[in-house]
Amino acid sequence: RNVGVVMMGGAMGGTLGPGDGLYHALGEALSAKGIPSIRMSYRKPNDLDRCCVDAAAAVQLLVGSGADSVVLMGHSFGGAVAVRVGVGLSEMVGGVVTFATQSAGCEVAGGLQGKPLLMFHGDSDSILPVEASEVVRAMAGTGDLHIMEGDDHLLARSHDEMLAIVEPWLDVVFEGVTEK
């Protein structure tokens, strides 16, 4: 399958993602299936425009290497990056996954035009309330939001559950690409 995944951290940057190093675990699982993934850090974390350029460059790298479709994943601030780049590079992006996303910067979410949108948010998030993800889902007009009971912003308690949901979701999204 000619697909790929770009995974982005939050406003502080970093490449481990939410959960207990979820991006690392996903990278290993994807690699075993022959799917390339990029866990990226930003040149200037917390600068939305520059971070979007960095993420777009990662998408371009995968597309330039043969990917027909890329899924973007972002934690917290990275959720806004994923949504914005998903809208801006609509032809190349097949879906978006957010983890405890902020809503600021996601005002363009309607531009995802019904693309698959998978969302996770802890109901005990002390940094961004669940309503942030609910607002983004409303702006997008679609989205599968999973509320992770008893979990905080880092979603550390939900690692296994998120992995168990994301992997088959990616398979379904990527199957749609290979059938075109």
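The values are calculated or read from the model by the stated rules, or taken from the named source; none is laboratory data. The shown structure was predicted, so the numbers you read here are calculated from the model rather than taken from an experiment. With ideal geometry, Cβ positions are generated from the backbone for all residues, glycine too; neighbour counts draw on all protein chains shown. Protein only, heavy atoms only, side chains kept; ligands, DNA and RNA dropped before computing areas. Shrake-Rupley method; radii C 1.70, N 1.55, O 1.52, S 1.80 Å.
Per-structure values
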| read-out | value |
| --- | --- |
| Cβ pairs under 8 Å, 6+ apart, first in region 93-112 and touching a residue at least 12 places away in the same chain (Cβ under 8 Å), second hydroxyl-bearing (Ser, Thr, Tyr) and open to solvent by 20 Å² or more (accessible area, probe 1.4 Å) | Gly111/Ser90; Leu112/Ser90; Leu112/Thr142 |
| Number of the condition not met by Gly74 [criteria: (1) crowded, with 19+ Cβ neighbours inside 10 Å; (2) in a helix (DSSP H, G or I)] | (2) |
| Hits in region 19-35 - residues which are open to solvent by 60 Å² or more (accessible area, probe 1.4 Å), touching a strand residue (DSSP E or B) at 6+ places or on another chain (Cβ under 8 Å) and closer than 18 Å to Phe120 by Cα | His24 |
| Residues being closer than 22 Å to Asn2 by Cβ and in contact (Cβ under 8 Å) with a residue 24 or more places away in the chain - total across region 61-86 | 14 |
| When residues of region 130-151 are limited to those that are open to solvent by less than 20 Å² (accessible area, probe 1.4 Å) and not aliphatic (A, V, I, L, M), the one nearest to Gln113 (Cα to Cα) | Ser133 |
